[in-house]
1. Give the residue, chosen from Asn162, Asn176, Asn109, that is among the polar types (S, T, N, Q) and over 19 Å from Ala86 (Cβ atoms).
2. Specify the residue that is most open to solvent (accessible area, probe 1.4 Å); the eligible residues are those in segment 89-101 that are part of a loop (DSSP other than H, G, I, E, B) and in contact with a strand residue (DSSP E or B) (Cβ under 8 Å, 6 or more places away or on another chain).
3. Within segment 456-469, can you find the residues that are open to solvent by 10 Å² or more (accessible area, probe 1.4 Å) and either aromatic (Phe, Trp, Tyr) or outside any loop (DSSP other than H, G, I, E, B) (or both)?
4. For segment 314-362, name all the residues that are among the polar types (S, T, N, Q) and either touching a Phe, Trp or Tyr at 6+ places or on another chain (Cβ under 7 Å) or in a strand (DSSP E or B) (or both).
5. For segment 114-172: of the residues being touching a Cys at 6+ places or on another chain (Cβ under 7 Å) and over 22 Å from Ile292 (Cα atoms), which is surrounded by the fewest Cβ atoms within 10 Å (Cβ to Cβ)?
6. Does Val181 meet the test of being under 30 Å from Val317 (Cα atoms) and either under 19 Å from the mean Cα position of the chain (by Cα) or buried (at least 21 other Cβ atoms within 10 Å of the Cβ) (or both)?
7. Of the residues that make up segment 60-68, is at least one in a helix (DSSP H, G or I) and more than 26 Å from Arg16 (Cβ to Cβ)?
8. Which residues, taken from segment 370-405, are crowded, with 17+ Cβ neighbours inside 10 Å and among the aliphatic types (A, V, I, L, M)?
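The values are calculated or read from the model by the stated rules, or taken from the named source; none is laboratory data. Given the structure is predicted, the values throughout are model-derived calculations rather than measurements. Note: ideal-geometry Cβ built from the backbone for every residue, glycine included; neighbour counts use all protein chains shown. Accessible surface is based on the protein model in full, side chains and every heavy atom, while ligands, DNA and RNA are left aside. Shrake-Rupley method; radii C 1.70, N 1.55, O 1.52, S 1.80 Å.
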Amino acid sequence: MSAIAFPVPDESILARRDEIIAGLAKLVAPEALITSADERRPYETDALTAYRRLPLAVVLPSTTQEVAAVLKFCSAQGVPVVPRGAGTSLAGGAIPQEDAVVIGVSKMNRILEIDYANRTAKVQAGVTNLAVTGEVMAEGFFYAPDPSSQLACSIGGNIGMNSGGAHCLKYGVTTNNVLGVTLVMLDGSVVDIGGAHLDSGGLDILGLIVGSEGQLGIVTEATVRILRSAEGARPVLFGFPTSEQAGEAVAAIIGAGIIPVAMEFMDKPAIEICEAFAHAGYPMDVEALLIIEVEGSDAEMDAQLARIVTIAREHGVKTVKESKSAMETAAIWKGRKSAFGATGRIADYICMDGTIPTGQLPHVLRRMAEIVKGYGLRVANVFHAGDGNLHPLILYNCNDPVEAQKAEDAGMDILKLCVEVGGCLTGEHGVGIEKRDLMTVQFNPEDLQQQMRVRAVFDGAWLMNPAKVFPLEGRVAA
């Protein structure tokens, strides 16, 4: 696919490649600088593998000071920079360009401090999401955001894209769980924003940094919340005769003021794909499945589930199956968290990410099916139903350029639908390159101009992750 445009590489930078590499070599250890074509190849794309560009060079610093030195050098040379966490971005957030230096944080993978009394953890940006929980779980704590890629994705990347996960319905996404960051700006200056406290005086710059997709600087350290684990947790499978009935049940549960810890949706194709992979015991005689997890004491869980079951029955639920053991619970979540990988076993796919008001779920589910069918393609739906964060997986053959373009067009139509019903272009994957040219659908020209003015305060030359988020035309300089 080649529908998404990239900036034309700066020939003057390409001509100075040897000089730029020589300058970088003075700033980091030899093993931290990657220059050969073969070794740069793993960095040419991220999880949006339909697009790829070979970067000018890759630098893997080990300290904040090294990041600062590299950014200061690139800024002075006018060289674009693409920050990279673990490369799991599904929106193309870490895809480089030919005249850009990739700065990866994978070597910055230490947990620096755990403060149980104040429920915080200070970590370097390359620490994986799941590693934070792994560090504190023995003391009865956990880190709440849990993207499906949490085994691999890094805290720095999570901050860049404001990642969420299945349990964000109750606990919020990354921005709700980060208290402070160390940010290296384009000129090499290092600033600490926020800290190990609930709020700080002045403007909420931390709220601006989280979700900024590496356009304002590179986060090298973060202070995150850790939470006490609940007394117990219990997932329950609810099978429905139709997707619309499942969607109506979700809207009714949320409308009743019930907030489970998680509420995940799968349609028939997704159920079949995930069950074949995980053998989780999903019901196979239904068209739609909700995984609803509650937590607390046994009495609290019983009371909340009783209310949910009542609402589900009012909307035609066909199957109610409660987890009876830790093994069953693990299998249920293995199936859900393996959905993207399991789908990749049977077909190429594009995973979309849009958010809608939960009351619009039945309508949007019908329209999504119509949109994809209109392109002659198939779709498997698996998403965070409780907060309306959709993840339709549009199946296609990546070796067929016509079909590939149809898949991309269908995805764009679905995102436009999300905006049309009062939602937005992204819930947790970010904009990257994937949704960049749809920003004019979400925002009017004045909105975009104001956002770009703020961005230009941090990077007036548009050197930080320059191909991302904002349309290439009409960009505002400092």
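1. On the way: Asn162 fails: over 19 Å from Ala86 (Cβ atoms); Asn109 fails: over 19 Å from Ala86 (Cβ atoms).
Asn176 is the lone residue from the list that is among the polar types (S, T, N, Q) and over 19 Å from Ala86 (Cβ atoms).
2. Our first condition is that a residue be part of a loop (DSSP other than H, G, I, E, B); within segment 89-101, this holds for 89-100.
Going one step further and asking which of them are in contact with a strand residue (DSSP E or B) (Cβ under 8 Å, 6 or more places away or on another chain), we end up with 90, 94-97, 100.
On the way: Leu90: 37, Ala94: 8, Ile95: 1, Pro96: 0, Gln97: 9, Ala100: 0 Å².
If we take residues in segment 89-101 being part of a loop (DSSP other than H, G, I, E, B) and in contact with a strand residue (DSSP E or B) (Cβ under 8 Å, 6 or more places away or on another chain), then Leu90 is most open to solvent (accessible area, probe 1.4 Å).
3. Scanning segment 456-469 gives Val457, Phe458, Trp462.
4. So in segment 314-362, the residues among the polar types (S, T, N, Q) come out as 319, 323, 325, 329, 338, 343, 355, 358, 360.
Within segment 314-362, Thr319, Ser338, Thr343, Thr355 qualify.
5. Thr128
6. Criteria not met by Val181.
7. In the first step, residues of segment 60-68 are kept if they are in a helix (DSSP H, G or I); the result is 64-68.
Now drop any that are not more than 26 Å from Arg16 (Cβ to Cβ), which leaves 64.
Yes, segment 60-68 contains a residue that is in a helix (DSSP H, G or I) and more than 26 Å from Arg16 (Cβ to Cβ).
8. Ile371, Val372, Leu377, Val379, Ala380, Val382, Ala385, Leu390, Leu393, Ile394, Leu395, Ala404
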